[in-house]
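*Asks:* Below is the structure I would like to discuss, written out as structure tokens.
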Amino acid sequence: MYLTPELLAPRLDRMDVRLNRDQEQFIRRAIQNGGYGKAEDVVREALSMLEARERKRTELLAAVDFEEISISRAAGGNLPERPAREPRAKVKRGGGRRKRAATRKA
């Protein structure tokens, strides 16, 4: 057996997560509607969807970076300089607004 990063990474046997009332009700309804067998199934599906969204976001940011470099090269590199992380910061700020709004509802 080889020591891969997955084997070396610490694993959580159990994680306790606090949900607000709306989230708990949402999970209960999902189970009652027959779509899921237990709360863990609902959370696992939600995390899978979040992972997919984050992958798409990363791909989009990479495409934006690539296009900005292409435009800069086509313009002879004369585009105004800006910090390389600016598009990422804008995306992260948008995510922060969603988190803060969700927190206010709780």
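Just so it is clear, none of the values below were taken in a lab; they were calculated from the coordinates. These numbers come from a predicted model, not from an experiment. Glycine also receives a Cβ, built like all others from the backbone with ideal geometry; neighbour counts cover every protein chain displayed.
*Asks:* Given points 7 Å out from each Cα along the Cα-Cβ axis, report the Glu59 to Gln25 separation in nanometres with one decimal.
*Replies:* Label at Glu59, label at Gln25, 3.6 nm between them.
*Asks:* Whole-Hz Karplus ³J(HN,Hα) for segment 61-76, in order, using 6.51 cos²θ - 1.76 cosθ + 1.60 and θ = phi - 60°, x for Gly and Pro?
*Replies:* 4, 5, 5, 5, 4, 4, 5, 5, 5, 4, 5, 4, 5, 5, 8, x
*Asks:* Report the label-to-label distance for Leu47 and Ala75 in nanometres (one decimal), using points 7 Å from each Cα along the Cα→Cβ vector.
*Replies:* 4.3
*Asks:* Ok, one more. Most exposed first by the Cβ proxy, i.e. fewest other Cβ within 10 Å, how do Asp13, Asp41 rank?
*Replies:* Details: Asp13 4, Asp41 14.
By the 10 Å Cβ count, ascending, the order reads Asp13, Asp41.
*Asks:* So, counting K/R as plus one and D/E as minus one, what does the shell of residues with Cβ under 15 Å around Asp16 add up to? Display every interim value, and only then the final one.
*Replies:* On the way: positive: Arg14, Arg18; negative: Asp13, Glu24, Glu40.
Net local charge, Asp16 excluded: -1.
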